[in-house]
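Each remark here refers to the structure printed beneath this line.
The values are calculated or read from the model by the stated rules, or taken from the named source; none is laboratory data. Quantities reported herein were computed from a predicted structural model and do not represent experimental measurements. Virtual Cβ from ideal backbone geometry, glycine too; neighbours counted across all protein chains shown. Heads up: the accessible areas ignore ligands, DNA and RNA and are worked out on the full protein's heavy atoms, side chains in. Shrake-Rupley method; radii C 1.70, N 1.55, O 1.52, S 1.80 Å.
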Amino acid sequence: MALLNEYFLEFPSGNLFSDIEREINTFKVIRPNAAPIDMGINDVTIPLPSSIVEAMHKAVDDMSESSTFHGYGPEQGYEFLRDAIIKNDFNTRGIHLTPNEVFINDGVKSEVGNIGDILCADNTIGVVGPIYPIYIESNVISGRAGVFSRGKWSNVSYLACNESNGFTPMPPDTPIDIVYLCSPCNPTGAAYSKGQLKKWVDYALKNNTLILFDASYEAYIQSPDIPHSIYEIRGAKKVAIELRSFSRTAGFTGLRCGYTIIPKELAVQTMEGKRVQINSLWRRRQSVRSNGVSYVTQCAAAATYSQEGQRQLGETREYYMDNVRLMRRTLSQLNLKIYGGEHVPYLWIKTPKGTSSWEFFESMLYRAKVICTPGIVFGPGGEGYVRISAFANRKDCTDAAARIKEWLEIK
Ligand code: PLP
């Protein structure tokens, strides 16, 4: 008899993302000529730059010749890409890694769940809330999140993340086994300073905590004081896995490529208290469960590090950051508390007068004809806020900001 993984049944029956879609579709039916502007966009919108497209075309041509054809690639990723990552993303920041510590994958979303394969189901988990919902949902499937009651999972520690701590919570007094940190953070835009990250690393060293550090948005960091990698902090290689993605850095949301750093020094404890280095275990896991990422995609990822690739992608990221700055300028003329927009192209806006995030989302849709994301979809800590994404075209950003301004001024 085949038995179900019953942890799947723990998911609450409603799904807020489908509720949002339903609400928007209803609006479009009721107001067919309204043309709402979508600033809830959870994707990039600018196409890949020419240097990367050319690299892909060349890689496709390679596949047509027997002398350059590539079949199954190394599970860990081609060395040309791993070398480029180490040289450009880490050596430039004084971090030394070997190619064996870099694992190419199809993006952070799947990797967040995959990592759970080598971690015991009994671990406690901690998240700063609001956060990227996948950190918790991937743990629901493996039974680590517990049961859902009153908007929270029973085995999850939600580290309060609010205006008073600048949306960058510090370690709690009690030990947690696995902690998810995202810096700069989706949705709040908050980024940890070196001093703050050091406190997390020290906490992890003291408590044998594993930190899963999501640096998907690091390329948007605007200040030299904000670390791009957790390994800029001494001791972090012993306690942290870093996850990176080409999705936001280089517009690969549709191509799918990311990478994970598992340092050789990183060890996790067995029930008997033995410390086991997990780098080689993860290689074993990949050899069992993965045949790697396509050659064409990895050539595209390597092209992001070429001089022209860097220049073109820098322009794309600057375009999104200019979008968010101009939205912020317009919206700051209103009586609103606005966060984010400094190191990510997202604005995190406090809803006025204690309005719930869902009500504010609905009002913005119906009154301003602008779609945002209600903060509650990022967990209970997101209640009372909405997120506006500037991963959009310039005109939509300008028009959306003008519409919101007009709506709130006459409200
Ligand atoms: N991590 C964070 C914080 C994100 O916001 C997102 C996407 O929205 C991802 C990871 C997804 O990355 P990928 O496209 O590599 O799966």
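Only one residue in 135, 72 is within 16 Å of the ligand (Cβ to nearest atom) and either open to solvent by less than 30 Å² (accessible area, probe 1.4 Å) or at pLDDT 95 or above (or both). Which one? Even if it seems obvious, please write down each step before you answer.
Details: 72 fails: within 16 Å of the ligand (Cβ to nearest atom).
Exactly one residue qualifies, and that residue is 135.
Rundown of residues vs (1) in contact (Cβ under 8 Å) with a residue 12 or more places away in the chain; (2) within 15 Å of the ligand (Cβ to nearest atom), yes/no style:
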residue: 255; (1), (2): yes, yes
residue: 269; (1), (2): yes, no
residue: 279; (1), (2): yes, no
residue: 292; (1), (2): yes, no
residue: 297; (1), (2): yes, yes
residue: 304; (1), (2): yes, yes
residue: 307; (1), (2): no, no
residue: 311; (1), (2): no, no
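For region 84-122, a residue qualifies if it is more than 21 Å from residue 183 (Cβ to Cβ) and assigned to a loop (DSSP other than H, G, I, E, B), and the qualifying residues are 96, 98, 106, 119, 120, 121, 122.
The set of residues from region 379-391 being in contact with a Phe, Trp or Tyr (Cβ under 8 Å, 6 or more places away or on another chain), at pLDDT 95 or above and not basic (Lys, Arg) comprises 385, 386, 388, 389, 390, 391. Within region 20-43, restricting attention to residues that are under 29 Å from residue 246 (Cα atoms) and assigned to a helix (DSSP H, G or I), the residue that is most open to solvent (accessible area, probe 1.4 Å) is 21. For first residues located in region 324-340 and in contact (Cβ under 8 Å) with a residue 60 or more places away in the chain and within 14 Å of residue 39 (Cα to Cα), partners that are open to solvent by less than 30 Å² (accessible area, probe 1.4 Å) and assigned to a loop (DSSP other than H, G, I, E, B) and lie 6+ apart or on another chain with Cβ distances below 7 Å form the pairs 324/341; 324/345; 324/390; 327/390. Looking at 346, 320, 339, just one residue is farther than 30 Å from residue 61 by Cα and either surrounded by fewer than 16 Cβ atoms within 10 Å (Cβ to Cβ) or touching a Lys or Arg at 6+ places or on another chain (Cβ under 6 Å) (or both), and that residue is 346. Annotation note: Cβ proximity below 9 Å between a residue of region 1-18 that is within 16 Å of residue 152 (Cβ to Cβ) and a residue that is open to solvent by less than 90 Å² (accessible area, probe 1.4 Å) and aliphatic (A, V, I, L, M) (sequence gap 6+ or interchain) occurs for 10/140; 10/141; 10/145; 10/147; 11/140; 11/141; 16/376; 16/377. Say whether the condition of being within 16 Å of the ligand (Cβ to nearest atom) and open to solvent by 10 Å² or more (accessible area, probe 1.4 Å) is met by at least one residue in region 188-198. Looking for residues that are within 16 Å of the ligand (Cβ to nearest atom) and open to solvent by 10 Å² or more (accessible area, probe 1.4 Å), one finds at least one in region 188-198, hence yes. Here residue 144 meets each of (1) open to solvent by less than 20 Å² (accessible area, probe 1.4 Å); (2) modelled with pLDDT of 95 or more; (3) in contact with a strand residue (DSSP E or B) (Cβ under 7 Å, 6 or more places away or on another chain); (4) not small (Gly, Ala, Ser) with one exception, condition (2).
May I ask you to verify whether residue 230 is within 16 Å of the ligand (Cβ to nearest atom), under 26 Å from residue 342 (Cα atoms) and touching a strand residue (DSSP E or B) at 6+ places or on another chain (Cβ under 9 Å)? So residue 230 fits the description; yes. Counting only residues that are open to solvent by 20 Å² or more (accessible area, probe 1.4 Å) and within 16 Å of the ligand (Cβ to nearest atom), region 81-109 holds 3 of them. Across region 199-219, the number of residues qualifying as open to solvent by 10 Å² or more (accessible area, probe 1.4 Å), free of Cβ contacts under 8 Å to residues at least 60 places away in the same chain and within 16 Å of the ligand (Cβ to nearest atom) comes to 1.
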